[in-house]
Amino acid sequence: MTVGQLSGKCAIVTGASAPQGIGAAIARRFAQAGASVFLVAEATAEQLALLAAQCRGFEDAGRIETALIDVGDPGAAERLVEEAHRIFGRIDILVNNAGVRAPVDFGNYTRAQFDRTIAVNIAAPFFSSQAVLPIMRAQGGGRIIHIASQLGHVTYAQRALYGLTKAALIHLTRSMAYELAAEKIIVNAISPGPIATQATAGRDPELVRQRIAQYLPVGRLGEPEEIADVALYLAAQAPEFLQGQDIVVDGGYTIH
């Protein structure tokens, strides 16, 4: 990573509080590269404050601010963009990372589970992206990164609803890029595979390793920092010609 490659840039990262999460790793990587970062999460103030302190600890980090916002609430996506713009005066990068999953056998989903998953995984990135457009247009461009999932490409038990929303997010990425590319707004997605986050931290590590080795060619879980590296590339280095792509980072899960 080249230190300072995001100096002067301002980024929003949603879903940025879980200490071992992808959002937190992206936020740290952006701060390390010199960006000012607006950390958004539905979490405890303590978790968000801890991440903010980590980001401020990088020598080249810009201004780091936080907001406790449930992006699934109506109007929340627009409010977080408005607040970030008020603080920084510009928004160069939007990372729509916040997501929820309801692991339920198909046939047993409730309307509440459906509505909540759609609100966070689809409506929030949709409306935050719409809200940031006037700002990026006025600046002459920007970059939007959606965090999708390998499960937007393949199926898995109890993931029908989650996979549905991630497949929709991948389609949204392509549609946005098609319409916005001429305005120098670069839109791409990242689809992580199995990552060593909080969701896997509490499980038997040897059992997880054995199961993962059976269907991942690399034989291990991915690390949040590996997703953050791709996000940094898309935010700082990816050429304008790279538009509407979904970069699958899954240790080879979907290639067999």
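The values are calculated or read from the model by the stated rules, or taken from the named source; none is laboratory data. This one's a predicted model, so the numbers in the text were calculated from it and none came from an experiment. Neighbour counts run over all protein chains shown; Cβ positions are idealised from the backbone, glycine included.
Here are the numbers for the structure shown:
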item	result
Some residue of the range 167-178 being closer than 23 Å to Ala119 by Cα, in contact (Cβ under 8 Å) with a residue 60 or more places away in the chain, assigned to a helix (DSSP H, G or I) and among the charged types (D, E, K, R)	yes
Output for the range 180-201, where each listed residue is touching a Ser or Thr at 6+ places or on another chain (Cβ under 9 Å) and at pLDDT below 95	Gly193, Pro194
Those residues of the range 6-30 which are surrounded by 24 or more Cβ atoms within 10 Å (Cβ to Cβ) and either among the basic types (Lys, Arg) or touching a Gly at 6+ places or on another chain (Cβ under 6 Å) (or both), in sequence order	Leu6, Val13, Gly15, Ala16, Gly23, Arg29
Extreme residue, surrounded by the fewest Cβ atoms within 10 Å (Cβ to Cβ), among residues of the range 216-234 that are closer than 20 Å to Gly15 by Cβ and β-branched (Val, Ile, Thr)	Val230
Residue within the range 90-97 that is at pLDDT below 95, crowded, with 17+ Cβ neighbours inside 10 Å and either among the charged types (D, E, K, R) or over 18 Å from the mean Cα position of the chain (by Cα) (or both) present	no
Residue match in the range 68-77 (condition: closer than 25 Å to Asp250 by Cβ, among the hydrophobic types (A, V, I, L, M, F, W, C) and buried (at least 19 other Cβ atoms within 10 Å of the Cβ))	yes
Considering residues of the range 24-59 that are small (Gly, Ala, Ser) and part of a strand (DSSP E or B) only, the residue farthest from Ala148 (Cα to Cα)	Ser36
Qualifying residue in the range 133-144 (condition: surrounded by fewer than 20 Cβ atoms within 10 Å (Cβ to Cβ) and in a loop (DSSP other than H, G, I, E, B))	yes
Condition met for Gly62 (in a loop (DSSP other than H, G, I, E, B) and either at positive phi or touching a Lys or Arg at 6+ places or on another chain (Cβ under 7 Å) (or both))	no
Residues that are part of a loop (DSSP other than H, G, I, E, B) and either over 14 Å from Asn97 (Cβ atoms) or out of contact with any Pro (no Cβ under 7 Å at 6 or more places or on another chain) (or both), drawn from the range 5-23	Gln5, Leu6, Ser7, Gly8, Lys9, Gly15, Ala16, Ser17, Ala18, Pro19
Within the range 101-122, considering residues that are in contact with a Gly (Cβ under 8 Å, 6 or more places away or on another chain) and buried (at least 19 other Cβ atoms within 10 Å of the Cβ), the one farthest from Tyr253 (Cα to Cα)	Ala119
Residue tally, condition touching a helix residue (DSSP H, G or I) at 6+ places or on another chain (Cβ under 6 Å) and either without any contact (Cβ under 8 Å) to a residue 12 or more places away in the chain or more than 13 Å from Asn97 (Cβ to Cβ) (or both), over the range 120-134	4
Residue under evaluation Gly57, criteria (1) out of contact with any Gly (no Cβ under 7 Å at 6 or more places or on another chain); (2) closer than 22 Å to Gly99 by Cα; (3) of a type in the set (Gly, Ala, Ser), criterion not met	(2)
Residue identified as in contact with a Pro (Cβ under 9 Å, 6 or more places away or on another chain) and at pLDDT 95 or above among Ala131, Ala119, Ala167, Ala124	Ala119
Residue tally, condition crowded, with 17+ Cβ neighbours inside 10 Å and either touching an Asp or Glu at 6+ places or on another chain (Cβ under 6 Å) or farther than 17 Å from Ile91 by Cα (or both), over the range 145-159	8
Residue selected from the range 33-64 under the condition acidic (Asp, Glu) and surrounded by fewer than 18 Cβ atoms within 10 Å (Cβ to Cβ), by the criterion modelled with the lowest pLDDT	Glu46
